[in-house]
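Only one structure is covered here, and it is reproduced in the block below.
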Amino acid sequence: QVQLVESGGGLVQAGGSLRLSCAASGRIYSSYAMGWFRQAPGKEREFVAAISWSGGSNYYADSVKGRFTVTLDNAKNTAYLQMNSLKPEDTAVYYCAAKYGMYSSSRYSYDYWGQGTQVTVSS
């Protein structure tokens, strides 16, 4: 079992920055991948970014490419999502997720989920 706990959400003005954290505990190994997803009111949960647990490769949705950066601190078993140049349309509940094997943009392929953290970007 893997447990995930997100933190770092909040209210920020457009153009500002936030860093989300996802602390992982339990049986997580270098063969896992971590994903970040978000869900706005009335919309489906969508892929944001993903990274292999080894940290060797990452992957971004087009909507956040160049603004968001996903990283890992293996010593702390924590994944981060640095969000810069935030826009009102980035407002959503952000979730981290973990899966065994290669990272994926499909939410259905992830086995473990955090509880989510709210990010609100004001215009």
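The values are calculated or read from the model by the stated rules, or taken from the named source; none is laboratory data. Only a predicted model underlies this, so the values are computations on that prediction, with no experimental measurement involved. Methodologically, a virtual Cβ is constructed for each residue, glycine included, from the backbone with ideal geometry; neighbour enumeration extends over all protein chains shown. The protein model used for the area step is the full one, side chains on, heavy atoms only, and it has no ligands, DNA or RNA in it. Shrake-Rupley method; radii C 1.70, N 1.55, O 1.52, S 1.80 Å.
Put a dot 7 Å past the Cα of Asn74, heading toward its Cβ, do the same for Lys43, and the two dots end up 3.4 nm apart.
Legend: residues Lys43, Lys99, Lys87, sorted from most to least accessible area (1.4 Å probe; ligands, DNA and RNA excluded), read Lys43, Lys87, Lys99. If you count Lys pairs in the chain whose Cα atoms are under 24 Å apart, skipping same-chain pairs closer than 8 places in sequence, the total is 6. Seen from Ser63, the other residues with C-beta closer than 12 Å to its C-beta sum to a net charge of 0, counting Lys and Arg as +1 and Asp and Glu as -1. At q = 0.14, 0.17 Å⁻¹, work out log10 I(q)/I(0) for the chain with the Debye formula, treating every Cα as an identical point scatterer and leaving solvent out; two decimals please. Relative scattering, expressed as log10 I(q)/I(0), comes to -0.51, -0.76. Rolling a 1.4 angstrom probe over the chain with all protein chains present gives an accessible area of which 47% lies on carbon and sulfur atoms. Return the whole-Å distance between the Cα centroid of segment 39-62 and the Cα centroid of segment 78-109. Cα centroid to Cα centroid, the span is 4 Å. Normalised by residue count, segment 41-99 yields a Cα convex hull volume of 95 Å³ per residue. One quarter of the surface of the convex hull around the alpha-carbon atoms of segment 1-54 equals 5.0 nm², the direction-averaged projected area. Of the listed residues Asp62, Asp111, Asp90, the order by accessible area with a 1.4 Å probe, largest first, is Asp62, Asp111, Asp90.
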